[in-house]
1. Cα-Cα over 24 Å: which of K51/K101; K139/K349; K81/K101; K3/K139?
2. So how compact is the stretch 1-119: Cα radius of gyration and Dmax in angstrom?
3. Please state the equivalent ellipsoid semi-axes for the stretch 269-365: what are the square roots of 5 times the Cα gyration tensor eigenvalues, largest first, in whole Å?
4. In the chain, if the dipole is taken from +1 on Lys/Arg beta carbons and -1 on Asp/Glu beta carbons about the Cα centre, which of M383, L67, Q35 is farthest to the positive end?
5. Have a look at Y232, L96, T392 and report the one farthest towards the positive end of the charge dipole of the chain, computed about the Cα centre with Cβ charges (Lys/Arg +1, Asp/Glu -1).
6. Given a 1.4 Å probe, how much area per residue of the chain is accessible, in Å²?
7. Just for the Cα atoms in the chain, what are the lengths along the principal axes, largest first, rounded to whole Å?
8. Packing-wise, with mean Cβ within 10 Å as the measure, how do 179-192, 217-230 rank, highest first?
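The values are calculated or read from the model by the stated rules, or taken from the named source; none is laboratory data. The structure displayed is predicted, hence computed values, not measured ones. Reconstructed Cβ throughout: ideal geometry from the backbone, glycine too, with neighbour counts over all protein chains shown. These accessible areas exclude ligands, DNA and RNA; they are computed on the full protein's heavy atoms, side chains included. Shrake-Rupley method; radii C 1.70, N 1.55, O 1.52, S 1.80 Å.
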Amino acid sequence: MTKVEAVGRHARDTRLIWALCVASVVVYINLYLMQGMLPLIAEHFQVTAAKSTLVLSVTSFTLAFSLLGYAIVSDRIGRHKPIIISLWALALSNILLVFVKDFNALVAVRLLQGILLAAVPAIAMAYFKEQLRPETMLKAAAVYITANSFGGIIGRLFGGLMSQHLLWQDAMWLLLAVSLFGVALVSYLLPNAVSAAKRERLPKQWRFWRGGSEDLRGFVHHLKDGQMRLAYLIGGLAFMMMVNQYSFIQLHLMAPPYDWSRFEATLIFLCYSSGTLASYYTARWIARHGQLPLFRISLLLMLCGSLLTLLDTQVWICVGFLLTSCGFFITHSCCNSFVAMRASSHRAKATSLYLCCYYLGAAMGGPFLMLFWQRGEWQGVVMGSMVLLFLTSLAVWRLGWRQKQPLSQEMDTPQGASLR
């Protein structure tokens, strides 16, 4: 490769990383803005604060299953078009939010948006794997997950700020404008190159059922891999706890004796910053120590963080959420990079299966922790979190046990990425 070619490739790789990171920020602003607006949603649509959390759960639910569909589509037609089309549709769908009249209509629109939100998380890691060199891949994945965290923080704070100062319709018009700007920037930056996935499309003469059979084999291929299944489970359980803790802590902080305002309650999402920082450094930690030790450290951080909130002072709640967020994003980064690097074929399907479990965790965590909230409020939520952490620790232990088995005992030895 000549120097000119090397410079051109570096510039193209940089544009790809920036484009997908901006796309990620747009997606997570649209996904999590509602979490920062829960008090306004409860007031505007006249529902209980606990019921308002379902807005996040239903979006996560349709997002989870839509990931599988985007994996199939992107493996057939390439990565570029599904990302661009879904992002423009997502931005324009915010017009519907301006005119919703009741809570059921809001839930219906958010169900639709969950489908549109799925394209970027389903495709991004496979896009990186195909277009970037291995030494660049881990760094790109770390930066991308950092962008995920940043988008989540901005979305929640943005929602809280709008909840405090704007009416519902005004807030939704502003969301529309921000989304359109972000999508236009992604459309400008994202290189329109032929990906490996596009070259792997099924021949046109194959019948539809034959293609469907091939897609099914791709999903089954990864589900037969025991280590992949455990990575999916770990990510889903961890997210099931963490993201829904943030929903219920807002209700706790807005009640006596704290009496935080709507916007002040969303400031707890600044604790995500520890996860943003951890995501950025996790790639080098994985390269140095492997995933398994990091899984154990992250579990300890999430356990200590959750328990510290029981001291029930503002300082200890913030410290607890800083630790929990750091631990969670280490877990998520380890799972994400492991799945992407282990998949030797059907890469988008491998990533989408992981993220399907991840967002199903978010969807199921709301109703699950709501049961504990109704019994014991915040103390009950922490008790429910302990149940989820126990299950996660069992999955991590099982993953470590499988890693120690001889390669001949693995279901899918060609994928044998090491956790070390």
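1. On the way: K51/K101 17 Å; K139/K349 21 Å; K81/K101 33 Å; K3/K139 22 Å.
Cα-Cα > 24 Å for K81/K101; rest within.
2. Rg and Dmax of the stretch 1-119, Cα atoms, are 18.0, 64 Å.
3. Values: eigenvalues 145, 50, 21 Å².
Output for the stretch 269-365: semi-axes of 27, 16, 10 Å.
4. L67
5. Toward the positive end, the furthest listed residue is Y232.
6. Values: 17370 Å² over 420 residues.
For the chain, the per-residue accessible area is 41 Å².
7. 62, 48, 46
8. Working: 179-192: 16.5, 217-230: 18.7.
My ranking of the peptides, most packed first, is 217-230, 179-192.
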